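Here is the structure we will look at, set down as structure tokens.
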Amino acid sequence: MDHPLTSPEPGAGLAPTPTVREIFSGFLGLGLISFGGALPLARRALVEQRRWLSAEDFTDLLGLCQFLPGGNVINLSVAMGMRFRGLPGALAGLLGLIAGPSLVVIGLGVLYEHTQNDPHVRHLFAGLAAAASGLLISMAIKILLPLRNKPLAALIAALGFVAIAILRLPLLPTMLVLTPLSIYLAARSAR
């Protein structure tokens with residue numbers, strides 16, 4: 001398996017290596033259409049539409065990005081850009097992801113200031129929250145699919161879910177326990 005930051009092998013069913021401009025425009029489009037639910041759309045764009053990553057590579061890279069501090073999709077834009085075009089690609093991915101949404105958020109903030117007490121606006125936000133929840137569940141299922149052939153990886157994912165979502169344990173201690181455990185199990189299964 002490739003390292004998450006190395007380029008895929010030619011002929012692996014993936015698209016050619018994207019240019020800096022393509023990285024910028026890809027993440028600009030993603031940033032403009034993905035308010036409140038960027039991760040499901042990022043997977044769809046990077047794996048299914050643009051074919052820059054395989055489903056397994058996306059899951060591996062996302063795992064790395066989730067471990068790093070900061071937003072997952074922001075980390076993903078930097079990692080994708082770095083993977084394909086080094087520092088210029090990382091900057092293009094980051095700027096592409098945040099430029100459009102930053103302008104939209106400023107505009108929406110001004111608009112919301114004037115309409116926040118309108119009941120229609122409150123209902124709109126309730127509907128948007130439900131749609132974002134559906135997208136998140138869909139993305140979680142798609143990310144779990146590559147793990148069906150890796151029972152140890154699925155076990156670590158399940159332990160993480162139980163620890164954080166059910167037992168409400170803090171993220172940092174959970175990661176400090178599960179990360180070395182997952183590395184140990186992966187090393188043993190590779191032998």
Looking at LEU30, is it surrounded by 15 or more Cβ atoms within 10 Å (Cβ to Cβ), under 16 Å from GLY100 (Cβ atoms) and either at pLDDT 90 or above or in contact with a helix residue (DSSP H, G or I) (Cβ under 9 Å, 6 or more places away or on another chain) (or both)? yes
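Residues checked against (1) in the same structural domain as SER34 (by TED's automatic domain parsing); (2) closer than 28 Å to SER34 by Cβ:
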| site | (1), (2) |
| --- | --- |
| LEU124 | yes, yes |
| ALA130 | yes, yes |
| LEU135 | yes, yes |
| ILE141 | yes, yes |
| LEU155 | no, no |
| ILE164 | no, yes |
| PRO170 | no, yes |
| VAL177 | no, no |
| LEU181 | no, no |
Looking for whichever is in contact with a helix residue (DSSP H, G or I) (Cβ under 9 Å, 6 or more places away or on another chain) and of a type outside the set (S, T, N, Q) here; the options are ALA157, ALA190. Which one fits? ALA157
When you scan segment 34-43, do you find a residue that is without any contact (Cβ under 8 Å) to a residue 40 or more places away in the chain and more than 21 Å from LEU95 (Cβ to Cβ), even just one? no
Extreme residue, farthest from ILE23 (Cα to Cα), among residues of segment 50-107 that are among the aromatic types (Phe, Trp, Tyr) and surrounded by 18 or more Cβ atoms within 10 Å (Cβ to Cβ): PHE58
Quickly run through segment 157-191 and pick out the residues that are surrounded by 11 or more Cβ atoms within 10 Å (Cβ to Cβ), of a type in the set (Gly, Ala, Ser) and under 24 Å from GLY70 (Cβ atoms). ALA157, GLY160, ALA163, SER182
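Quickly run through segment 160-171 and pick out the residues that are among the aliphatic types (A, V, I, L, M) and either more than 20 Å from the chain's Cα centre (by Cα) or under 16 Å from GLY63 (Cβ atoms) (or both).
Matches in segment 160-171: VAL162, ALA163, ILE164, ILE166, LEU167, LEU169, LEU171.
The values are calculated or read from the model by the stated rules, or taken from the named source; none is laboratory data. Bear in mind the structure is a predicted one, so any value in this text is a computation, not a measurement. So basically every Cβ, Gly included, is an ideal-geometry build from the backbone, and we count neighbours across all protein chains shown.
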